[in-house]
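Reviewing the structure listed below.
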Amino acid sequence: MTAIDELLADARIPTGPRDGFDVGAALRRLATDAADIAAKPHPDTVRATQAGQRLSVVCRWILNRPDAADHVDRLAQEPETSADDGHLDVDGALVFACLLYLTDHRESAQFWWQLAAGAGHRAAAYCLHLHHLALGETREARHWLHEVTADVLDSEAPDSAFLSTLEAVASYVRRTGSSLASAPTGGLEMEIDRLATAKTGPCIIVQRPDRRLADRLHDFTRR
């Protein structure tokens, strides 16, 4: 054997089991660690999921309010320029946005929430906060949370008690997993789809509600 052969023999990596090393136990530990990692989602994922669940609860609660249909009816009767001249029924915009969200027209819901929040409606700003949080858009979520807590209009905002109720309802449902607020019926979904398919031009936003949708919502809230 040459000197090179001797060096290579000394450098050979042993392939047999080492004393005291349990390969099976090591593999089981690796499998357990992998399962633990898979079972523990990232905190951001948990936060986004909880925000989406809370927003759905809040939207259902708003939709089931006794005056929800009245506000949508007023919004339906307003001229198209009402949002520009400051005469928008902001409660109607809030209800309509929540209905859009619950029927999977999320971009349109965001648009109508923004109209209401821009007019100082804190409950709409709260919905936007949850909406962006559910999408993982933390910067936008922080902005709308600031709009909720800041004195955007005055220290005695007319919907401050309403916002407190929203928090209480959402917290209750998160703890108990139940809600008495009904989800939109198939009839309401059909009316929203009708409005969505009636869009003209490149705009993807669902147009404002009409009397037909308001009538259907009246039937829904009277149940």
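Quick look at the values:
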read-out	value
Hey, Leu63 modelled with pLDDT of 90 or more and closer than 23 Å to Gly186 by Cβ or not	yes
Every pair of residues 6+ apart whose Cβ atoms lie under 7 Å, when the first sits in the range 172-191 and is closer than 16 Å to Thr221 by Cα while the second is modelled with pLDDT under 85	Ser179/Val173
Options Asp44, Asp104, Asp91: the member that is within 30 Å of the chain's Cα centre (by Cα), modelled with pLDDT of 70 or more, within 24 Å of His132 (Cα to Cα) and assigned to a loop (DSSP other than H, G, I, E, B)	Asp104
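The values are calculated or read from the model by the stated rules, or taken from the named source; none is laboratory data. The model shown is predicted, which means the values in this text are computed figures rather than measured ones. Methodologically, a virtual Cβ is constructed for each residue, glycine included, from the backbone with ideal geometry; neighbour enumeration extends over all protein chains shown.
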